[in-house]
Structure formats: C-alpha cells, structure tokens
1. Collect the residues in the stretch 14-41 that are on the phi > 0 side of the Ramachandran plot and in contact (Cβ under 8 Å) with a residue 40 or more places away in the chain, keeping them in residue-number order.
2. With respect to Gly85, determine if the residue is in contact with a strand residue (DSSP E or B) (Cβ under 8 Å, 6 or more places away or on another chain) and surrounded by fewer than 17 Cβ atoms within 10 Å (Cβ to Cβ).
3. Can you report the number of residues in the stretch 54-90 which are within 30 Å of Val114 (Cα to Cα), under 16 Å from the mean Cα position of the chain (by Cα) and assigned to a helix (DSSP H, G or I)?
4. Could you run through the stretch 37-53 and say how many residues are buried (at least 19 other Cβ atoms within 10 Å of the Cβ) and part of a loop (DSSP other than H, G, I, E, B)?
5. Could you go through the stretch 17-35 and let me know if any residue there is touching a Phe, Trp or Tyr at 6+ places or on another chain (Cβ under 9 Å), polar (S, T, N, Q), in a loop (DSSP other than H, G, I, E, B) and surrounded by 18 or more Cβ atoms within 10 Å (Cβ to Cβ).
6. Under 8 Å between Cβ atoms, at least 6 apart or on separate chains: pull out the pairs that start in the stretch 121-138 with a residue that is in contact (Cβ under 8 Å) with a residue 12 or more places away in the chain and end on any residue that is basic (Lys, Arg) and assigned to a loop (DSSP other than H, G, I, E, B).
Amino acid sequence: MNIDKNSMCLYAVTDRTWLNGEKLKQQVEKAIEGGATIIQLREKELKFEDFLKEAIDIKEVCNRFNVPFIVNDDIEIAVKSNADGIHIGQEDISLIKARKIAENKIIGVSVQTVEQAVEAEKNGADYLGVGAVFSTSTKLDASIVSIETLKNICKSVKIPVVAIGGISEKNIMKLKGTGIDGVAVVSAIFSKEDIKNAAQNLLKLSKECIKE
C-alpha cells in the first residue's frame, strides 16, 4: 500500500511514560490536533488484551482525524485492530512474511544502512524509519546513524524516509538537506506539558527541514 509522503511529516510515536493520569488516546488526540500527521502505537509491556483495546481506541481517534494509524512490532494486534499499518525492526517478523499476513497494510521498516534500506524497498516496504540519528533515552540500545548515511539512504530509495531517534526542536534543523520526508518523535511531543503546542512547533520545523 503506497503512503502519501505528506503523511510522514510529523510521525508521533506513543509512550506511556508521561500519561500522568491521562488516557493515551487523549494525548494522541492532542498530538493530532497540534499537527501529528501519522501515529504509531508502541507498547512493549502491555498484555495482549490491553494492547488490543488500546489499539482499537487509538484507531478510532485516528479515523476521526483521517490520520494513518500504525502498530509497532505486533502484526496480530495490527490486523485485529484494523490498523492502517505495522512498523517492524530488523529483529522482528520478516518483511516478506509480514507482507503475506498484512497484504494491504502499510509496512514500515527500521533500517540503519544503505544495504538494509535497498533490501527493504525491494521486498515491499512502504516507508523506512532511519535511526537513531541522535542519542535517545527512549531506546537506550540504539546505535547512531550518521547524517551522511541518512543522506545516502534517502538517495538510494524512492519510498519515503523518516528520521528517528533523539529528535527535538533543538536539533531537528541539523537534518535539513538530508532528503528525509519527515521526523518521528516520542518525548519531543509526549513528554511535554502542552502536547498540542509541542506538535504545532515540531510540524513547522519539520516542514522547514524537509524543504528542498
């Protein structure tokens, strides 16, 4: 399934760390109101039933705003919640197998090298997540992808490329001129007291960043 490159501009990835009594779907709604163009539900600890309920709730929010909804890693949750897509890493289910199960869904793949990027595109990925481009507290084991490698990946593929990892309003402009189609952020939106305002600011910066 092809995805509109404009949907990649501000890719918000959820995190339960900063709920502070709110429901995740409330925070997702604020992020979308602020300008998030695509939402990924990322859950590493929830039991299956709770994960599925969360996915169904957030899918409903995304539907209301006509924003694509992606589930991280879990293809069964993606299928059962009727998510628009799934995002997989190099260690997760293979892309070829994922495509057989989720034939008509958007499939994004995490890559760190030109070789991985070219392979993912060849095997049917709809978009790529490249990172970590900066050090990140969200994924402590993530190794850093250089700006030069990011540029080379963007030149090597035709599908959309999103940079991820430690991106904030303070460093996002370092990615200008790399050829990316957007940025994926976690704490830069969801750790903020005013989620909507944080998303608004990042959307402006991202649009500036991806201008040719």
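Just so you know, all these numbers are worked out from the coordinates, no wet-lab data involved. Predicted model, so just to flag it, every value in this text is computed and none were measured. Glycine also receives a Cβ, built like all others from the backbone with ideal geometry; neighbour counts cover every protein chain displayed.
1. Result: Gly35, single match.
2. no
3. Matching residues across the stretch 54-90 total 2.
4. Residues that pass the stated criteria total 2.
5. Scanning the stretch 17-35, I find no residue that is touching a Phe, Trp or Tyr at 6+ places or on another chain (Cβ under 9 Å), polar (S, T, N, Q), in a loop (DSSP other than H, G, I, E, B) and surrounded by 18 or more Cβ atoms within 10 Å (Cβ to Cβ), so the answer is no.
6. Glu121/Lys158; Ala132/Lys139
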